[in-house]
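The values are calculated or read from the model by the stated rules, or taken from the named source; none is laboratory data. Since this is a predicted model, take the numbers as computed values, not measurements. Neighbour counts run over all protein chains shown; Cβ positions are idealised from the backbone, glycine included. Remember, those area values only see protein heavy atoms, side chains included, never the ligands or the DNA or RNA. Shrake-Rupley method; radii C 1.70, N 1.55, O 1.52, S 1.80 Å.
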Amino acid sequence: MNATAKIPAIGLDRADLSTSIFVVTGTDAIAIKAGTVVTIAGAAHAFELDTAVDIVDPAAGRDYCIFLGSDGKPRADICDAEMLKGDILGGFHFAPSGNATARAGGDGIPAINPFSCWDLGFRPACPDPRGMALIDGRFWADIYLLGTDHLTDGTSRFGQIIADGRSLPVKIGGEGRYKKLDYATAGEIYTHHGKGMLSAEEFFAAAYGVSERTSRDKEPETTGDVSGDGKKFVSGWGLFDVTGTMWQWGTDGDPDNPRASIFGGSWFTGSEAGSRYANLGYWPVYSTGHISARGRSDHLKPAA
């Protein structure tokens with residue numbers, strides 16, 4: 001079950017309850033939407049027009065938090081754990097590739113992922129909203145595969161060593177690393193972070209847009225690598241390495257007795273890999289160098 005996010009005491013009035021208060025206006029440009037009113041310490045800041053956010057040092061693969069400066073103008077800076085606890089309005093992810101626009105993967109050009117935009121009332125229900133994308137307005141999924149050092153880096157961060165049965169993740173509540181990355185270990189890790197694993201139907205939706213029936217030509221080492229043919233495996237929602245890279249632990253989606261499942265295929269799966277490639281009854285104790293994991297969270301909607 002997902003943990004409930006703690007919402008700071010900042011008031012947000014929005015023109016549209018079905019979307020974030022932010023709108024992406026270019027590959028490296030984002031704005032606060034017209035009609036938004038932000039109240040901080042009793043002072044109201046009304047935005048009558050779409051208002052550009054000043055991004056400090058935009059860098060591909062980083063998460064940014066948006067806040068109001070002392071002059072009342074919106075700014076964005078790299079969102080570390082401490083900044084996430086401050087008086088922020090929300091955030092976004094500046095990805096190393098644009099999202100797929102058809103069924104051929106991304107373009108390899110760094111861009112803000114429009115589905116990664118979140119604010120204090122429109123966001124994942126898990127405590128840490130960084131590195132996630134909203135899928136079809138229904139749930140959030142990790143943009144990246146699980147990294148080995150998830151306790152310090154979170155479960156979805158660019159450029160991290162991919163966790164699998166050989167590159168093992170650090171333990172929850174203890175020193176050292178797990179002995180394997182099986183279904184139970186993946187579940188324990190995501191539960192710790194207030195997340196879960198994708199069901200089959202969720203994975204199919206989240207992976208749509210990748211280049212189908214193809215895999216990488218070699219095993220990747222780090223998350224979000226778009227060198228070579230890596231951009232082919234970016235989905236329409238901006239998830240990286242979602243097919244043809246590493247199998248990912250998930251469930252078949254049964255609400256009463258979910259079975260361990262794996263999705264997407266690995267780098268040596270070849271033409272079988274794709275957005276609907278799945279094994280819905282896999283051995284839960286299995287741990288190998290070609291199975292990693294990907295997290296998900298429920299969607300926290302703003303109050304009416």
Exercise for review: Rounding to the nearest 20 debye, state how big the charge dipole of region 14-102 is about its Cα centre with +1 on each Lys and Arg Cβ and -1 on each Asp and Glu Cβ.
Suggested key: 200
Review point. Counting Lys and Arg as +1 and Asp and Glu as -1, what is the net charge of the other residues whose Cβ lies under 9 Å from the Cβ of residue 97?
Key: 0
Study note, to complete from the structure: Once phi for every residue in region 13-20 is put through the Karplus expression 6.51 cos²θ - 1.76 cosθ + 1.60 (θ = phi - 60°), the whole-Hz ³J(HN,Hα) values, with Gly and Pro written as x, are 10, 10, 7, 10, 6, 8, 9, 5
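Using the crude model of +1 on Lys and Arg Cβ and -1 on Asp and Glu Cβ, and no other charge, please compute the dipole size for the chain relative to its Cα centre, in debye to 20.
Working: 28 positive and 38 negative charges, 88 e Å.
Roughly 420 debye for the chain.
Using a simple charge model, +1 on the beta-carbon of Lys and Arg, -1 on the beta-carbon of Asp and Glu, nothing else, what dipole does region 61-201 show about its Cα centre, in debye to the nearest 20?
The calculation lands at about 240 debye.
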**Study point:** Solvent-accessible area per residue for region 69-202 (1.4 angstrom probe, square angstrom)
**Key:** 39
Review point. For the chain, what is the calculated [θ] at 222 nm in deg cm²/dmol (nearest 500), taking -39500 (n - 2.57) for each run of four or more DSSP H residues and dividing by its residue count?
Key: -2000 deg cm²/dmol
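Once you list every other residue whose beta carbon is under 12 Å from the beta carbon of residue 37, what net charge do they have if Lys and Arg are +1 and Asp and Glu are -1? All intermediate terms of the calculation are to be shown ahead of the outcome.
On the way: positive: 14, 33; negative: 13, 48.
Net of charged neighbours comes to 0.
Tally the DSSP beta bridges in the chain and give the antiparallel ones as a percent, rounded to 5. List each step's numbers first, then the result.
Details: 49 of 56 bridges.
The antiparallel fraction comes to roughly 90 percent.
What is the total of Lys pairs in the chain with C-alpha atoms under 15 Å apart, excluding same-chain pairs fewer than 8 positions apart? Numbers along the way, then the final one.
On the way: 6/85; 6/195; 6/301; 33/73; 171/179; 171/180; 218/231; 218/232.
Final tally of qualifying lysine pairs is 8.
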Revision key, fill the gap. The rounded separation in angstrom of the Cα centers of region 254-286 and region 137-172 is 18
Practice item. Compute all pairwise cysteine Cβ distances in the chain, then list the cysteines with no distance under 4.7 Å to another cysteine. Key: 117, 126
Check your understanding: Out of the DSSP beta bridges found with both residues in region 172-304, what percent are antiparallel (nearest 5)?
Key -> 60
Exercise for review: Between 119, 136, 107, find the one with the highest GNM mean-square fluctuation for the chain; connect C-alpha pairs within less than 10 Å.
Suggested key: 136
